[in-house]
Amino acid sequence: MRRRALFRQAGFAGAATAASATLAMPAIAQSSPALRWRMTSSYPKSLETIYGTGEVFARIVAELTDNQFQIRVFGAGEITPPLQALDAVQAGTIECAHTTSFFYTGKNEAFAIATGLPFGLNTRQQEAWLYQGGGVELLNAFFAKYNVFGLPLGSTGAQMGGWFRKEVPTAADLKGLKMRIGGLAGQVLERQGGVPQQLAGGDIYPALERGTIDAVEWLGPVDDEKLGFVRVAPFYYYPAWWEGAANTQFFCNLEQYNNLPKHYQAVIRSACSEATKWMVARYDTNHPAALRRLVAQGAKLRGFSRDMLDSCARTWETLEAEIVARNPDFAAIHASWSKGRDDMRLWHRISELTFDNYAAQLSARR
């Protein structure tokens, strides 16, 4: 009798457990829908770090959702022209993009701030402003006007100043120079007498080889080596005064993002953050060896002169003030950004810069 009673109790408990599972499963399924998105990248697949950051992001999203949320990444030009990624996301013809925000300064100069401004923040300072200084929120208030939601998805760190067919020892040597350069730095070059060109990564080498342009800035040794610039423009300048840090950007159609379950939104935020750290670490790890190889291939390293830097800085300060005065979107974000810049520079001058300068002296003595 006791055995039959135990079986009945066990059967009741099992039925209750099964019923509970039956009731729970639909709720879980409803809150974690199976989604298949497409992401267009503005970068060619041959650039495994900057393009690969999008792949890392997509892999993390899939892992965190048990493959319920999958994003397929397409290389530059496969489904959308590389400099029109934002337009496709804005229109809703594709769900999301991995691109560079300053590609779209022709729409509004405020897009440049999400990437980095001339003589601006370094990588650590940019991240601090974005995540603790209100930058992400301010930028998204602006992005919403273009029907997109955005987050940093990668950072290149401080970049090289680019490849030049001939030396440019002074600011006067910029006059007439045709250079591939993006963002607001192009306007600085124009005021210096140069001719800025905005070209996607895959179009740069042919233009440089044919002489359509005289110089190009892209990123740094890892990608520059793959793109082969050293073969046609041997003078390799530094630093990129236009990008103390350069963030690449995740853009998502605003309606698509708002319709996601909250935990999927959290997954996107987490994946963007992790993939950004992956890009920074990968470039910092691999740039030194790539730079040595480039020098062995004939790259002639040159530092921009103080005359060049001072002249471009003065031009930028004038342009910066003009944009603040004429563009309320830029001004609203710039007020927070510039305060963060000045505050963090004061602190970094005491701490980071002092340490870095001394550490560099130690390395030079070894």
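The values are calculated or read from the model by the stated rules, or taken from the named source; none is laboratory data. Source: prediction; values computed, not measured. Glycine gets a Cβ as well: all are built from the backbone with ideal geometry, and neighbour counts include every protein chain shown. Quick note on the areas: whole protein, heavy atoms, side chains included, nothing else; ligands and nucleic acids left out. Shrake-Rupley method; radii C 1.70, N 1.55, O 1.52, S 1.80 Å.
Considering only residues that are farther than 22 Å from VAL195 by Cβ and not basic (Lys, Arg), look in segment 214-237 and name the one that is surrounded by the most Cβ atoms within 10 Å (Cβ to Cβ). Can you show your working first?
We begin by selecting, within segment 214-237, every residue farther than 22 Å from VAL195 by Cβ; these are 220-223, 225-226, 228, 230-231.
This time we only want the ones that are not basic (Lys, Arg), so: 220-223, 225, 228, 230.
Numbers: GLY220: 23, PRO221: 22, VAL222: 23, ASP223: 26, GLU225: 19, GLY228: 14, VAL230: 21.
By that ranking, first place goes to ASP223.
For segment 219-244, filtered to residues that are touching a strand residue (DSSP E or B) at 6+ places or on another chain (Cβ under 6 Å) and of a type in the set (A, V, I, L, M, F, W, C), the residue that is nearest to PHE103 (Cα to Cα) is PHE229.
Among residues of segment 140-168 being in contact with a Ser or Thr (Cβ under 8 Å, 6 or more places away or on another chain) and in a loop (DSSP other than H, G, I, E, B), the one that is surrounded by the most Cβ atoms within 10 Å (Cβ to Cβ) is THR156. With respect to (1) under 22 Å from VAL280 (Cβ atoms); (2) buried (at least 18 other Cβ atoms within 10 Å of the Cβ), the lone exception for GLN90 is condition (1).
Does GLY340 satisfy the condition of being surrounded by 15 or more Cβ atoms within 10 Å (Cβ to Cβ) and within 17 Å of GLY244 (Cβ to Cβ)? Yes, satisfied.
Residues that are farther than 15 Å from ALA335 by Cα and in contact (Cβ under 8 Å) with a residue 12 or more places away in the chain within segment 123-149 comprise THR123, ARG124, GLN125, GLU127, ALA128, PHE143, ALA144, LYS145, TYR146, ASN147, VAL148, PHE149, listed in sequence order. Annotation: ALA110 fulfils all but one of (1) touching a strand residue (DSSP E or B) at 6+ places or on another chain (Cβ under 6 Å); (2) hydrophobic (A, V, I, L, M, F, W, C); (3) surrounded by 24 or more Cβ atoms within 10 Å (Cβ to Cβ); the unmet one is (1). Among the residues of segment 100-107, are any out of contact with any helix residue (DSSP H, G or I) (no Cβ under 8 Å at 6 or more places or on another chain), at pLDDT 95 or above and open to solvent by 10 Å² or more (accessible area, probe 1.4 Å)? No. Being under 23 Å from LYS300 (Cα atoms) and either in contact with a Cys (Cβ under 6 Å, 6 or more places away or on another chain) or without any contact (Cβ under 8 Å) to a residue 40 or more places away in the chain (or both), is that true of even one residue in segment 151-172? Yes, segment 151-172 contains at least one residue that is under 23 Å from LYS300 (Cα atoms) and either in contact with a Cys (Cβ under 6 Å, 6 or more places away or on another chain) or without any contact (Cβ under 8 Å) to a residue 40 or more places away in the chain (or both).
With a requirement of 3 or more residues that are without any contact (Cβ under 8 Å) to a residue 60 or more places away in the chain, the helices (runs of 4 or more DSSP H) lying completely within segment 203-322 that satisfy it span 262-296.
Considered as a group, the residues in segment 238-268 that are of a type in the set (Val, Ile, Thr) and over 19 Å from GLY183 (Cβ atoms) include one that is least open to solvent (accessible area, probe 1.4 Å), and that residue is ILE268.
For PRO288, the conditions (1) of a type outside the set (Lys, Arg); (2) loosely packed, with under 12 Cβ neighbours inside 10 Å; (3) modelled with pLDDT under 95; (4) farther than 30 Å from PHE251 by Cβ are fulfilled apart from (3). Taking the criterion of being of a type in the set (Val, Ile, Thr) and touching a strand residue (DSSP E or B) at 6+ places or on another chain (Cβ under 9 Å), the residues of segment 156-187 that qualify are THR156, VAL168, ILE181. Taking segment 121-139 as the range and being open to solvent by 10 Å² or more (accessible area, probe 1.4 Å) and assigned to a loop (DSSP other than H, G, I, E, B) as the test, the residues that pass are ASN122, GLY133, GLY134. Looking only at segment 219-252, residues that are of a type outside the set (A, V, I, L, M), under 20 Å from the mean Cα position of the chain (by Cα) and more than 18 Å from LEU174 (Cβ to Cβ) come to 13 in all.
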